[in-house]
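Right, one structure below, let's go through it.
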Amino acid sequence: MTLPGLTEHFSTDEKCRELLERLRWPNDPECPRCKTFDVVRLETNTKLLWCRECEYQFTVTAGTVFNDSHLPLSIWFLAALLLCEAKKGMSAHQLKRTIWGLHKGSYKTAWYLCHRIRAAMKEVERPMLDGTVEVDETFVGGKRRGLGKSGAMENKEIVLGIRQRGGELRLFHASDVTSGELAKYIKENVSADVDVIVTDEWPAYPKAMIESGIHGSKHETIRHRDRVYVRGDVHTNTIESAFSLLKRGIVGTWHKISAKHLPAYLDEMTFRFNRRKNANLFLDTLRHMVTAPVLTFEKLTASENF
Ligand SMILES: [Zn+2]
């Protein structure tokens, strides 16, 4: 989808709603409460649907990330396009300026809008990865305060990356890099039938393989310390290229990400990355938005001062 295409086809609420209905209900509208298809459209207000079974009245955006929003759907569509087409992401400040200009709109509205679209980018289904899989860890965020290397590391967050070569990328906010934590993510994401898992020489990996049921013979290690970065097929270059995109996104676009919201940014980044060659990226984003659950402002801002 292009910007001219968006303005041509989705300039009105009605046109946007029509698409969302097709994406949410490919067949017939379903009642979100009792899940029956005994649903009729109100003649007086065609965006309203009414369930004859439980008498619930609803619209296509009910119970989704659009819930209770006062923004026109065309603004939602524009924001979704901006977020899914920006390779390194877009900050809420930039999105506010692009949509409302310098003096209109509020940062808070843009911030909440971005977070709801981002929440919809979380993958519900995560098939197990196989073939050749690279696993690596990196550190993001934090500030150096002249405390030396250890002081700087304290403020940083750990991101664990798992990537199937020629396949999907997964990024997780790990609490530490112990074998138990590494094994948890390997077990949840990598098939025991994997051909090879490539990691760096971090000593917790061999134990993590045992804990996650991966046979030791399938584990290949690359020794970064000895400046050996590529030994034939044994390298972690594909996961590292994803890390470098993530870091450019964090430094250049998001500036400051709190640890609390890091998992959501990682979901956004992987959603976009795994669909970078998909011509239906925009439609796929909308489909996720109209099927993802409500994210209230209260839940999003719980335990933080806005
Ligand atoms: Zn119903």
> So how much slack lies between Trp202 and Gln57, counting 0.36 nm per residue of separation and subtracting their Cα-Cα distance, in nm?
Replying inline: 46.6 nm
>> Taking R0 as 41 Å, what FRET efficiency do you get between Glu188 and Thr2 from their Cβ-Cβ distance, rounded to the nearest 0.05?
In response: 0.65
> What FRET efficiency comes out for the pair Asn67/Ala279, r = Cβ-Cβ distance, R0 = 30 Å, nearest 0.05?
Replying inline: 0.55
> Fully extended, how many nm does the chain gain between Asn237 and Asp13 (0.36 nm per residue separation, minus their Cα-Cα distance)?
Replying inline: 76.1 nm
> What's the FRET efficiency of Asp28 with Arg126 using the Cβ-Cβ distance as r and R₀ = 41 Å, to the nearest 0.05?
Replying inline: 0.90
> How many nm is it between the label spots at Glu43 and Ile210, if each spot is 7 Å from the Cα in line with the beta carbon?
Replying inline: 7.5
> Cα-Cα over 30 Å: which of Lys207/Lys299; Lys47/Lys122; Lys15/Lys260?
Replying inline: Lys207/Lys299; Lys15/Lys260
>> How tilted is helix 107-120 with respect to the longest principal axis of the chain? Cα atoms for both, answer in degrees (0 to 90, nearest 10).
In response: 70
> Between Ala259 and Tyr107, what length in nm is gained on full extension when 0.36 nm per residue of separation is reduced by their alpha carbon distance?
Replying inline: 52.7 nm
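Here, each number is a calculation from the coordinates, and none is a lab measurement. Since the model is a prediction, treat every value here as computed from it, not as a measurement. When we count neighbours, we look across all protein chains shown, and the Cβ atoms used for this are built from the backbone with ideal geometry, even at glycine.
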